[in-house]
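One structure is given below, encoded as structure tokens.
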Amino acid sequence: TFFKEGQSQTIEQIFGTTRGRHSFRFGAMYGWLWGGRENIETPIARYANAADFLANRPNSVQVTFGVDSYRITTGSLGFFIQDDFRVTKRLIVNMGIRWDYYKVPRERDGRLFNREEPFGFGPYRPPNSIWDTDYNNFSPRIGFAYSVDGASTTVVRGGFGVFQNPRPLFGGPVDLVQNALDEPFRVVYSAADVAAHPDILRYPVVNSKVLPLAKGPAALLAGTAINPNWGNPFSYQWSAGLQKQLHRNTLIEASYVGTRGIGLMMVRTMNAPNRVTGIRPMTNFATFRYRDGSEQTNYHALQTSLRQRLTAGLTFNVNYTWSRNMSYTGDADLLLPGSPQDIWNVRGDYGPSNIDARHRFVVDYVYELPLEKLSSSNGAAARMLLRGWQISGVFSAQSGSPFNPSQPSGLDGSRPDYIGGEAILSDADSTLQYVNPAAFRQVPLNAVSRLPERGGSIGRNALYGPGWWDTNTTLAKAISITEQMRLQLRVEMLNALNHTSMSGVNGNVTQGNFGRFTSTRGARVIQVGARFSF
């Protein structure tokens, strides 16, 4: 697989043989990737409350100096072998294994700077060896399909596999690029730093004035650090399902699907100021991001469907899924998830992922309107007018997504306390107040550090937003001009019933509109189009 500036092209050569009851395949793949950018941002100052804002007393100042243009390259090499074996007339088994090699990224001018353990406080590693190569990327797979009745009207399917992933360049390596060892890409200063350098780190903050402080004798060691032993992320994926053909055009299916993610991205905010003193534990280091592979996820789902193929002009599918998606960070991705509230108690942040949806119901249909059959006229004009009408649509209903009550502060991942009572209000549709502010309380700030004195008691993503439903409908008319020319006119209505579905609950406990709806999923949209085929 070859990647270049967001574009991809796959070149894969597969050799295969089919002999008797076997279908045997093997192949190899190689690829490389490069990218570059410049990034300079406006300084960001955070204040503990309105009083500190008016007094121009920030408790955190983030200054991003950016980097000159750079080029990072990496590569991959993979081999696989697979065999499909017909054990009996009713049972087919497929087995295989894959091995992948992912090259450690390098920068054209050697400007990748990563630090050793423990937790990024160690010495700098060589620029061409920012982490240790992982050679243990074996991915076995096995699956089967079994016809219960021999006529393939009732089929049981299942499978299990391991799937490896490379570390994306924007999931760590990009953060390690600096212009020089003593010129950090970004520095986060604390309230104590602001007090020591008020003329430089209080508003207005200017990058050029801060840079001598970041590079001078009093410079703090900053910049992202990556665990050099983190390996590659991978997942276990498995499924088991039953498929039953009720009659010639009707099919029902039920499946259990599971996924377990291992070694995904965890970002911890290291060397944060002490909640009481406001002083960092390691005084020669700034606060910095530390990336490792300690994030884990799990997904379990019951997926059911009813499929009706074209009968009397009607085709439809009915699908229902119950699922649960859990993780230690809200994003649980490979790029930049948020830091846990307590970096030494990651299990305290275990909860629903941001994309968790417990219930989802979807119906889609296509109906060829029988207007021509209802007419007694056989004239050409009547056929052209009445033939080719079609109505189709999709109805979707889903339970709400989780959201995270937060208390922004100089410490990443801060949350408020839940003090009891009804958290979700029953009259939100009329008042637009979804969360009950009286059920939550801000964690008090320490008078010295201006930071929350402890972590909040509410769990991460502990609240769920409201469910929603909508229907999209299309009315189309096909006109056959000749055997090779066809015109279709379409009217599409998104959210055809103009149903209001609230969304966007404000989870910031420090703001006056905490717990209120801030948006909807959108009003009705009507689109008119034409398509000419020849």
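The values are calculated or read from the model by the stated rules, or taken from the named source; none is laboratory data. Computed from a prediction, not measured in an experiment: that's the story for all the values here. Cβ atoms come from the backbone with ideal geometry, glycine included; neighbour counts cover every protein chain shown. SASA here: full protein model, heavy atoms, side chains in, ligands and nucleic acids out. Shrake-Rupley method; radii C 1.70, N 1.55, O 1.52, S 1.80 Å.
Label positions at GLN511 and THR250, each projected 7 Å from the Cα along the C-beta direction, are separated by 5.0 nm. Taking the Cα centre of the stretch 449-503 as reference, the dipole from Cβ charges on Lys and Arg (+1) and Asp and Glu (-1) amounts to some 200 debye.
Average accessible surface for the chain: 53 Å² per residue, computed with a 1.4 Å probe over protein heavy atoms with every protein chain in place.
Once the Cβ-Cβ distance between LEU314 and TYR101 is put in as r, and R0 is 45 Å, what FRET efficiency do you end up with, to the nearest 0.05? The computed FRET efficiency comes out at 0.30.
Between VAL491 and TRP322, the FRET efficiency from the beta-carbon distance, with R0 = 41 Å, is close to 0.75. The residues packed around TRP131, meaning those with a beta-carbon under 9 Å from its beta-carbon, carry a net charge of 0 if Lys and Arg are +1 and Asp and Glu are -1. Surface composition of the stretch 372-490: carbon plus sulfur atoms contribute 56% of the solvent-accessible area (1.4 Å probe, protein chains only, all chains present). For an R0 of 25 angstrom, estimate the FRET efficiency from the Cβ-Cβ distance between ASN229 and LEU302 and round to the nearest 0.05. The computed FRET efficiency comes out at 0.10.
Excluding same-chain neighbours fewer than eight residues apart, the lysines reachable from LYS103 by a Cα-Cα span under 21 Å are LYS4. A dipole drawn for the stretch 163-271 from +1 and -1 charges on Cβ atoms has a positive end, and of HIS197, ALA180, GLN245 the residue lying farthest that way is GLN245.
Between TYR367 and ALA51, the modelled label-to-label distance comes to 6.5 nm, taking each label 7 Å out from Cα in the direction of the beta carbon. Each peptide in 161-168, 82-89 receives the mean, over its residues, of other Cβ atoms within 10 Å, and ordering these scores from highest gives 161-168, 82-89.
Straight-line cross-link reach from LYS244 at under 19 Å between alpha-carbon atoms covers these aspartates and glutamates, not counting any fewer than eight positions away in the same chain: ASP149, GLU253.
Ligands, DNA and RNA excluded, the heavy atoms of TYR189 present near 10 Å² of accessible surface to a 1.4 Å solvent probe.
Here the label points at TYR236 and ALA523, each 7 Å from Cα along the C-beta direction, are separated by 5.1 nm in the simple model.
Cross-link reach is defined here as a Cα-Cα straight distance under 20 Å, omitting same-chain residues fewer than 8 places apart; for LYS477 the lysines meeting it are LYS373.
The per residue volume of the convex hull around the alpha-carbon atoms of the chain is 221 Å³.
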